[in-house]
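Below is one structure, written out as structure tokens, with a few remarks after it.
The values are calculated or read from the model by the stated rules, or taken from the named source; none is laboratory data. Since the structure is predicted, the reported quantities are computational estimates derived from the model, not experimental observations. Here the Cβ positions follow ideal geometry from the backbone for every residue, glycine too, while neighbour counts run over all protein chains shown.
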Amino acid sequence: MTSNPRAAALTPFDYLKKILTARVYDVAVESSLELAQSLSARLGNTVLLKREDQQPVHSFKLRGAYNKMAQLSPAQLKKGVICASAGNHAQGVALSAKRLGARAVIVMPTTTPGVKVDAVRGFGGEVVLFGDSYSDAYTHAVQLEKKEGLTFVHPFDDPDVIAGQGTIAMELLRQHQGQLDAVFVAIGGGGLISGVANYIKAVRPEIKVIGVQMNDSDAMAQSAAAHERVTLADVGLFSDGTAVKLVGEETFRIAHSLVDDYVLVDTDAVCAAIKDVFVDTRSIVEPAGALAVAAVKQYVATHKKKGETYAVILCGANMNFDRLRFVAERAEVGEEREALFAVTIPEERGSFRRFCELIGDLPSFGGGKALRNVTEFNYRISDAQKAHVFVGLTTAAKGESGKIAAH
């Protein structure tokens, strides 16, 4: 279930051997590495996209799942396998089991997007919905494992799973042998970044490995700061693929030793990153798949970087279609092209008109008069003395929302 005790002795060079001999290409494909032309031009740095959304299950998780299961004995495969997953690992296990002729029981959180649940069933997996997060589903899966004599395929805290994910870094460094300053990797439980960091630090240790988490699901970043695993009381669910309360023992050991830095991003930034990926690729990735892109933008802005080369792993593209409206709306806020304000005004004649005139007379803060669109408007009477107005305004540049509020 958790990592093998012997794994504590594994070095990056031990993992290098495991990655080089990993069995992933029976089911996985070598994903392309593509230049994000528009994003690169805007940031003044070269951004390369590792397209793991191109895998048969639209996620990298297939690699680790198959590498683990391909090494099980015939007796183990005959009894079947079980896993707990927020969706992408589940699809990897289900497809791998189908290819290997094994039964697969998949325990998924009740919050898992329907597109992922349907995909698992489509691959022949037996779906059990339980709990609100991966950690809840994991606890239930361990109980079923013992009850039914199944083999547990961990989504991240297993050396063979980690090695399978590490083949992404193997491909990346083969596809791009020139300057590479950093690789940005999304983190849920830590399996992906553990595999990537092990390979990169064994082959090209000068390349930075930067972990990315949602600011409301940052178990690995908090654990790194505390120098021990930290269990989160709760996790945000927007990026369901990285909603993990407790990272793995082995993945924490590796990440704490090899990861150079962590970047935390918020929902609006991730929505804007999903749009960035769409502009460059005409593909729509899921929130977890866009974390690394959001982090690159934040990293460049924070450190004032120019002329560097970054690789980001687009780790998944399994998102419910009905979430796209929310993503499109929040992307404008994430790009700071829209500002939302909650304002209280006197409930008296002429008050609303004065408010509208104030909006119309707002300057551009760059000289001259700005032409602004009202993107959202809501008016509510609070009582006889005051009313609440909720208004959305277009902005022309970053930082304008604060200036508008101050004005």
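Descriptive notes on the structure:
- Selection status of Ala219, touching a helix residue (DSSP H, G or I) at 6+ places or on another chain (Cβ under 6 Å), assigned by TED's automatic domain parsing to the domain that holds Tyr299 and free of Cβ contacts under 8 Å to residues at least 40 places away in the same chain: no
- Which listed residue, of Glu250, Glu286, is modelled with pLDDT under 95 and within 27 Å of Arg63 (Cα to Cα): Glu286
- Test: Val235 is more than 21 Å from Ser32 (Cβ to Cβ), modelled with pLDDT under 95 and either outside the structural domain of Ala292 (by TED's automatic domain parsing) or of a type in the set (Val, Ile, Thr) (or both): yes
- Selected residue (criterion: farthest from Arg229 (Cα to Cα)) from residues of region 142-175 that are touching a Cys at 6+ places or on another chain (Cβ under 9 Å) and either β-branched (Val, Ile, Thr) or modelled with pLDDT under 95 (or both): Ile168
- Odd one out for Glu171, checked against (1) assigned to a helix (DSSP H, G or I); (2) of a type in the set (D, E, K, R); (3) over 21 Å from the mean Cα position of the chain (by Cα): (3)
- Check on Gln71, of a type in the set (S, T, N, Q) and under 17 Å from the mean Cα position of the chain (by Cα): no
- Note on region 255-295: residues that are touching a Phe, Trp or Tyr at 6+ places or on another chain (Cβ under 9 Å) and more than 20 Å from Ile193 (Cα to Cα) total 3.
- Only a single criterion out of (1) closer than 29 Å to Asp26 by Cα; (2) buried (at least 24 other Cβ atoms within 10 Å of the Cβ); (3) in contact with a strand residue (DSSP E or B) (Cβ under 9 Å, 6 or more places away or on another chain) is not satisfied by Gly166, namely (3).
- Of the residues making up region 12-41, those that are touching a strand residue (DSSP E or B) at 6+ places or on another chain (Cβ under 8 Å) and in a helix (DSSP H, G or I) number 2.
- Taken over region 170-192, the residue count meeting the criterion of being touching a strand residue (DSSP E or B) at 6+ places or on another chain (Cβ under 8 Å) and farther than 30 Å from Ala141 by Cα is 11.
- For region 322-377, a tally of residues being modelled with pLDDT under 70 and not in a helix (DSSP H, G or I) returns 12.
- Any hit, region 304-317, residues being surrounded by fewer than 14 Cβ atoms within 10 Å (Cβ to Cβ) and modelled with pLDDT under 95: no
- Which numbered condition Val270 fails, given (1) of a type outside the set (Phe, Trp, Tyr); (2) assigned to a helix (DSSP H, G or I); (3) more than 30 Å from Ile359 (Cα to Cα); (4) touching a Pro at 6+ places or on another chain (Cβ under 7 Å): (3)
Residue-wise test of (1) in contact with a His (Cβ under 9 Å, 6 or more places away or on another chain); (2) outside any helix (DSSP H, G or I).
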residue	(1), (2)
Val107	yes, yes
Val117	no, no
Val127	no, yes
Val185	no, yes
Val196	no, no
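- Residue in region 70-91 that is closer than 24 Å to Thr242 by Cα, assigned to a helix (DSSP H, G or I) and modelled with pLDDT of 95 or more present: no
- Filter pass, Val115 being at pLDDT 95 or above, crowded, with 16+ Cβ neighbours inside 10 Å and outside the structural domain of Ala202 (by TED's automatic domain parsing): no
- Per-region count, region 107-126, residues of a type in the set (A, V, I, L, M), under 22 Å from Val285 (Cβ atoms) and without any contact (Cβ under 8 Å) to a residue 60 or more places away in the chain: 3
- Checked across region 264-281, the condition of being within 25 Å of Glu206 (Cα to Cα) and either surrounded by fewer than 20 Cβ atoms within 10 Å (Cβ to Cβ) or out of contact with any helix residue (DSSP H, G or I) (no Cβ under 6 Å at 6 or more places or on another chain) (or both) holds for at least one residue.
- Taking the listed residues Gly178, Gly189, Gly211, the one that is outside any helix (DSSP H, G or I), in the same structural domain as Lys297 (by TED's automatic domain parsing), buried (at least 24 other Cβ atoms within 10 Å of the Cβ) and at pLDDT 95 or above is Gly211, with no other qualifying.
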